[in-house]
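Input: a single structure, listed below in structure tokens.
Every number here is computed from the coordinates shown, using simple stated rules; none is lab data. Since the structure is predicted, the reported quantities are computational estimates derived from the model, not experimental observations. Neighbour counts run over all protein chains shown; Cβ positions are idealised from the backbone, glycine included.
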Amino acid sequence: MRARVSQELEQALREMMTLRAFPKGAALFRQGTPAAGVYLMEKGSARVLLATAADQPQLLDLVGPGTLLGLSDNVAGGRYRVTVEAAEQTTAGFIEREAFVNFLGCHHEFCMQVVRLLSDNLHALYHKFRSVSAHPGRPRRRSLNEQLS
């Protein structure tokens with residue numbers, strides 16, 4: 001679901017990031033909290049979770065090194081829309097939101113790469129939810145002709 005960053009973008013981001021270690025189960029960030037920055041996965045893996053009405057988190061994705069997390073939330077300047085938890089001992093580089101946004105404003109070539117990452121993430125989500133909605137166990141919708149007869 002999450003696209004990997006290019007080697008050039010990864011190298012540029014390394015100059016701004018602070019490495020953070022997360023034990024298994026620790027949250028990199030939580031759904032609903034203000035977007036404070038992005039995380040570039042270095043080592044390990046993390047679960048991307050969405051809270052549900054049943055108070056049971058829904059697993060959206062399992063991501064690994066090279067994945068940039070919190071991207072859309074930080075570009076939009078809102079709150080995190082998902083929770084990300086370390087699935088194992090994990091290391092991720094943190095880049096504060098303001099520094100990240102300023103970097104994009106000064107480096108248009110990387111800004112376009114970020115736009116592509118956002119687009120790839122959106123398409124992946126679309127296909128994931130489309131496959132869920134097309135589940136064969138769901139009742140099929142009746143056509144307009146069937147409804148009128």
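Over the alpha-carbon set of segment 7-133, work out the extent along each principal axis and list the three values in angstrom, largest first.
Principal-axis extents of segment 7-133 (Cα, largest first): 43, 32, 25 Å.
Modelling each spin label as a point 7 Å along the Cα-to-Cβ direction, I'd like the Leu62/Arg30 distance in nm, to one decimal.
2.5
Would you please state which residues of segment 73-87 a label at Asp55 would reach in this model, taking the label point 7 Å out along Cα→Cβ and a backbone N cut-off of under 19 Å?
Counting only backbone N, you get 83.
Expressed in nm to one decimal, what extension gain is obtained for the pair Ala12 and Asn102 from 0.36 nm per residue of sequence separation less their Cα-Cα distance?
On the way: separation 90, 0.36 × 90 = 32.40 nm, distance 1.30 nm.
So the chain would gain 31.1 nm between Ala12 and Asn102.
I'd like to know which of Leu9, Val101, Ala27 lies farthest towards the positive end of the charge dipole of segment 7-133, counting +1 on Cβ of Lys and Arg and -1 on Cβ of Asp and Glu.
It is Ala27, whose Cα lies furthest towards the positive end.
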